[in-house]
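Engineer: First, the structure itself, so that you have it in front of you.
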Amino acid sequence: MTDDHIYHVDGELVPASEATVSVDDRGFRYGDAAFETLRAYGGTIFAWDDHVERLERTCEALSLEHGLDASDLRERIDETLAANDLADAYVRLSITRGVQPGKLTPQPEVDPTVVIYAKPLPRGGLEGDPVWDEPATVETVETQRIPDESLPAAAKTHNYLNGILARAELGSDADEALMCDLEGEITEGATSNLFFVRDGVLHTPTTDAPVLPGITRAIVLKLAREDGIAVREGRYEPVDVLEADEAFLTNRTWELRPIATLDGRDVGGGPVTERLSRLYDERVENACYR
């Protein structure tokens with residue numbers, strides 16, 4: 001990343017050295033903000049409509065009426081990509097409740113802070129390369145996923161303390177923390193959804209538990225069903241993953257990343273993981289490069 005990297009802040013393109021928000025912004029003070037992590041492939045935002053829908057669900061959960069429409073946000077993203085001369089990129093869109101009086105209770109009138117940041121990533125699709133170098137080393141951690149009744153699992157907010165505490169437990173060589181709920185059942189990674197394969201069946205923790213409904217997760221499930229792969233969304237214990245034939249993680253940046261080891265035990269990818277990775281690459285290629 002060069003020093004002349006450009007951010008989009010409150011409707012203006014500004015160099016990194018000038019990209020600032022107020023110390024009184026509620027996104028800074030309280031994590032009172034919504035965000036989406038997106039990927040641009042060949043200049044196209046993949047699954048844009050799905051991201052817009054999830055962003056709105058998050059804002060509804062926060063009672064954050066920002067007054068911005070999807071076309072405005074998309075235009076700002078496109079301007080950010082163009083200003084940085086990026087076609088294949090990581091994109092983060094954040095909307096905070098903005099500056100309000102220094103009280104915890106949010107005010108109904110909102111002047112939102114909107115920040116868009118982009119950085120280069122490799123080409124995706126059939127001719128692309130993954131952003132990760134190796135399959136993931138994963139560890140289960142003591143930090144538990146917050147119950148949905150306490151903090152909506154479907155909301156992507158700036159308050160990432162749960163995931164930060166989980167990642168802080170990891171050993172120096174681990175890539176991801178795998179969290180359980182209060183009943184000891186597996187939920188998700190700090191920034192990823194979990195899949196595993198046993199006897200040809202693709203399993204993933206249900207979103208009835210405190211699990212973020214990842215967009216990559218949903219695409220993988222759809223691809224599996226379209227390809228005739230048996231799918232089960234359920235509740236599982238760590239031993240179910242340890243005994244799996246294959247396992248992988250999904251998020252927007254990693255796409256599908258096989259799990260090399262879980263708690264020091266070899267797991268690895270396999271034919272189902274490879275098949276779904278190929279199908280995902282085909283979906284990206286057809287949607288964004290043709």
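The values are calculated or read from the model by the stated rules, or taken from the named source; none is laboratory data. Computed from a prediction, not measured in an experiment: that's the story for all the values here. So basically every Cβ, Gly included, is an ideal-geometry build from the backbone, and we count neighbours across all protein chains shown.
Engineer: Can you work out which of the residues in the stretch 142-180 that are farther than 17 Å from Asn251 by Cα and hydroxyl-bearing (Ser, Thr, Tyr) is farthest from the chain's Cα centre (by Cα)?
Structural biologist: Among residues in the stretch 142-180 that are farther than 17 Å from Asn251 by Cα and hydroxyl-bearing (Ser, Thr, Tyr), the one farthest from the chain's Cα centre (by Cα) is Ser172.
Engineer: Moving on to the next point. Gly264: over 27 Å from Pro152 (Cβ atoms) and surrounded by 15 or more Cβ atoms within 10 Å (Cβ to Cβ), yes or no?
Structural biologist: Here the answer is no, as Gly264 does not meet what is asked.
Engineer: Of a type in the set (Val, Ile, Thr), surrounded by 15 or more Cβ atoms within 10 Å (Cβ to Cβ) and in the same structural domain as Val52 (by TED's automatic domain parsing): is that true of Val91 in this structure?
Structural biologist: yes
Engineer: Please state which one of Ser63, Ser17 is in a loop (DSSP other than H, G, I, E, B) and not β-branched (Val, Ile, Thr).
Structural biologist: Ser63
Engineer: Ok, one more. List, please: which pairs have Cβ atoms under 7 Å, are six or more places apart or on different chains, and start with a residue in the stretch 59-81 that is at negative phi and without any contact (Cβ under 8 Å) to a residue 60 or more places away in the chain and end with one that is in a helix (DSSP H, G or I) and surrounded by 21 or more Cβ atoms within 10 Å (Cβ to Cβ)?
Structural biologist: Close Cβ pairs (under 7 Å, with a partner that is in a helix (DSSP H, G or I) and surrounded by 21 or more Cβ atoms within 10 Å (Cβ to Cβ)) amount to His66/Cys59.
Engineer: Any residue in the stretch 109-120 that is among the basic types (Lys, Arg) sitting within a Cβ distance under 7 Å of a residue that is assigned to a strand (DSSP E or B) and modelled with pLDDT of 95 or more? List the pairs, counting only those 6 or more apart or interchain.
Structural biologist: Sorted first by the residue in the stretch 109-120, then by its partner, the pairs are Lys119/Ala89; Lys119/Tyr90.
Engineer: Step by step: first the residues of the stretch 218-255, then only those that are more than 22 Å from the chain's Cα centre (by Cα) and of a type in the set (A, V, I, L, M, F, W, C), then the one that is surrounded by the most Cβ atoms within 10 Å (Cβ to Cβ). Which residue is that?
Structural biologist: Ala244
Engineer: Ok, one more. Test of understanding: among Asp85, Asp111, which residue is in a loop (DSSP other than H, G, I, E, B), closer than 18 Å to Val14 by Cα and either among the β-branched types (Val, Ile, Thr) or modelled with pLDDT of 95 or more (or both)?
Structural biologist: Selected residue: Asp85, the only one of Asp85, Asp111 that is in a loop (DSSP other than H, G, I, E, B), closer than 18 Å to Val14 by Cα and either among the β-branched types (Val, Ile, Thr) or modelled with pLDDT of 95 or more (or both).
Engineer: OK, next. Looking at Tyr41, is it crowded, with 17+ Cβ neighbours inside 10 Å, outside the structural domain of Leu151 (by TED's automatic domain parsing), under 30 Å from Pro130 (Cβ atoms) and out of contact with any strand residue (DSSP E or B) (no Cβ under 6 Å at 6 or more places or on another chain)?
Structural biologist: Judged against the criteria, Tyr41 is a match.
Engineer: So Gly171 ticks every box in (1) over 21 Å from Val272 (Cα atoms); (2) modelled with pLDDT of 95 or more but one. Which box is left unticked?
Structural biologist: (2)
Engineer: Could you list all residues from the stretch 238-290 that are in a loop (DSSP other than H, G, I, E, B) and either basic (Lys, Arg) or not assigned by TED's automatic domain parsing to the domain that holds Val220 (or both)?
Structural biologist: Correct list: Arg252, Arg290.
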